[in-house]
Structures are given as C-alpha cells and as structure tokens.
1. On the given criteria, is residue 58 without any contact (Cβ under 8 Å) to a residue 40 or more places away in the chain and within 14 Å of residue 44 (Cβ to Cβ)?
2. Scanning for something in a helix (DSSP H, G or I), modelled with pLDDT of 90 or more and surrounded by fewer than 17 Cβ atoms within 10 Å (Cβ to Cβ), does the range 18-37 turn up at least one residue?
3. Please specify each residue of the range 50-87 satisfying the condition of being part of a helix (DSSP H, G or I), surrounded by 17 or more Cβ atoms within 10 Å (Cβ to Cβ) and out of contact with any helix residue (DSSP H, G or I) (no Cβ under 6 Å at 6 or more places or on another chain).
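The values are calculated or read from the model by the stated rules, or taken from the named source; none is laboratory data. Owing to the predicted nature of the structure, the values given are computational and were not obtained by experimental measurement. Note that each Cβ is placed from the backbone with ideal geometry, even for glycine, and that neighbours are counted across all protein chains shown.
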C-alpha cells in the first residue's frame, strides 16, 4: 500500500505541474474544455520523471500512460480534472499499478 501512496503522490504532483504549465499561457476565457496535446505531453513527462524514481523507465511509462487514460476517461476536461484529490488519484491508480 505504501508504494501506491508514493506513486499517487508523485502522479498528483505531475498532474498539478502539467496543469499549471498548460494554464500559464491561457487566460480564463481560453480554458480548455478537453485535454490538449500540451497537457497530455506534460502530464506524461512529469509522471514518468517522478515514477521512475521507484521503477524502471518502461514500467513508469506504462503506469503513466494508464493513469493518463484513466484521468481522461473519468474527467471531461483539464479544468474538470483540476479538482482531482490525492484520494481520487489513488482510486485511479489501483488498476495501473
């Protein structure tokens, strides 16, 4: 269980960083109503960077791809996903670990 919490914390950090970077150049009237390629790339990059601390690069890539798919399935947009909590992330991570 401790590994799942660590990975979820790393992923939560990656998610927040991806959202912040994607939002820097967007004013409120331009908030995405879906998931941009920039967001997906940044999410994956940050997730893999953090997840490979405890795993091989290939396992980190598989985990992060799975998590991105789960996030995009559960949430309608970057804005909607921005409300995700660590507990939400843990629930999504269960089937990716």
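1. Working: without any contact (Cβ under 8 Å) to a residue 40 or more places away in the chain: yes; within 14 Å of residue 44 (Cβ to Cβ): yes.
Yes: the conditions hold for residue 58.
2. Narrowing the range 18-37 to residues in a helix (DSSP H, G or I): 18-23, 28-30, 37.
Subsequent filtering for residues that are modelled with pLDDT of 90 or more retains 37.
If we keep only those that are surrounded by fewer than 17 Cβ atoms within 10 Å (Cβ to Cβ) too, we end up with 37.
Yes - at least one qualifying residue is present in the range 18-37.
3. Step one: filter the range 50-87 for residues part of a helix (DSSP H, G or I), giving 50-51, 57-74, 78-81, 86-87.
Restricting the remaining residues to those that are surrounded by 17 or more Cβ atoms within 10 Å (Cβ to Cβ) gives 50-51, 60, 63-64, 67-68, 70-72, 78, 81.
Of everything in the range 50-87, just one residue is part of a helix (DSSP H, G or I), surrounded by 17 or more Cβ atoms within 10 Å (Cβ to Cβ) and out of contact with any helix residue (DSSP H, G or I) (no Cβ under 6 Å at 6 or more places or on another chain), namely 72.
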